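Below is one structure; the comments refer to it alone.
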Amino acid sequence: QVQLQESGPELVKPSQTISLTCTVSGGSITTRNYDWGWFRRPPGKGLEWMGTIAYDGSTYYNESLKSRTSISRDTSKNQFSLHMSSVTPEDTAVYYCKGLYREYGRTKEYWGQGTQVTVSS
């Protein structure tokens, strides 16, 4: 069974970078047909997809965030990370990591519990 855990600083200053890591257990991030993504939910708003890194290392980003967002992975640690630069208070949100397995018409989702990140001086 796959489990995900977010970690990183809870408070970030404006203009700095949000850096979060998702540690995956119970499965390998390189397993075929898995995608690993980052989402966020600002207060009072809906869930927003930020980007994804696939099992082969390919990356995909939300166009509105692409210029500031980078997703990478460390396969030796079974981790993938989010880096979002030039942040403002509008980036305050609960950030989630997610695993998704797809085969034919079937899917399986695995979510981290989320971590609060506040952008404030």
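The values are calculated or read from the model by the stated rules, or taken from the named source; none is laboratory data. Source: prediction; values computed, not measured. Cβ coordinates were reconstructed from backbone atoms using ideal geometry, including for glycine residues, and neighbour counts include every protein chain displayed. Ligands, DNA and RNA are stripped out before the accessible areas are found, and what is left, the full protein with its side chains, is counted by its heavy atoms. Shrake-Rupley method; radii C 1.70, N 1.55, O 1.52, S 1.80 Å.
Numbers at a glance
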{"quantity": "Close pairs (9 angstrom Cβ cut-off, 6 or more residues apart or separate chains): without any contact (Cβ under 8 Å) to a residue 60 or more places away in the chain in segment 11-28, in a strand (DSSP E or B) and among the charged types (D, E, K, R) anywhere", "calculated": "THR23/GLU6"}
{"quantity": "Matching option when the condition is assigned to a strand (DSSP E or B), of a type outside the set (Val, Ile, Thr), open to solvent by 40 Å² or more (accessible area, probe 1.4 Å) and at pLDDT 95 or above, among SER81, SER72, SER67", "calculated": "SER72"}
{"quantity": "All positions within segment 1-45 that are closer than 22 Å to ARG106 by Cα and assigned to a loop (DSSP other than H, G, I, E, B)", "calculated": "GLN1, VAL2, GLY26, GLY27, SER28, ILE29, THR30, THR31, ARG32, ASN33"}
{"quantity": "Residue in segment 95-107 that is basic (Lys, Arg), over 17 Å from SER25 (Cα atoms) and in contact (Cβ under 8 Å) with a residue 60 or more places away in the chain present", "calculated": "yes"}
{"quantity": "Among (1) farther than 16 Å from GLY99 by Cβ; (2) at pLDDT below 95, the one test that GLY46 misses", "calculated": "(2)"}
{"quantity": "Qualifying residue in segment 48-59 (condition: surrounded by 13 or more Cβ atoms within 10 Å (Cβ to Cβ), within 17 Å of THR118 (Cα to Cα) and in contact (Cβ under 8 Å) with a residue 60 or more places away in the chain)", "calculated": "no"}
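Let's see how each residue does on (1) of a type outside the set (Asp, Glu); (2) in contact with a Pro (Cβ under 9 Å, 6 or more places away or on another chain):
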| residue | (1), (2) |
| --- | --- |
| SER7 | yes, no |
| GLU10 | no, no |
| ASP35 | no, no |
| MET50 | yes, no |
| THR75 | yes, no |
| MET84 | yes, no |
| THR88 | yes, yes |
| THR92 | yes, yes |
| ARG102 | yes, no |
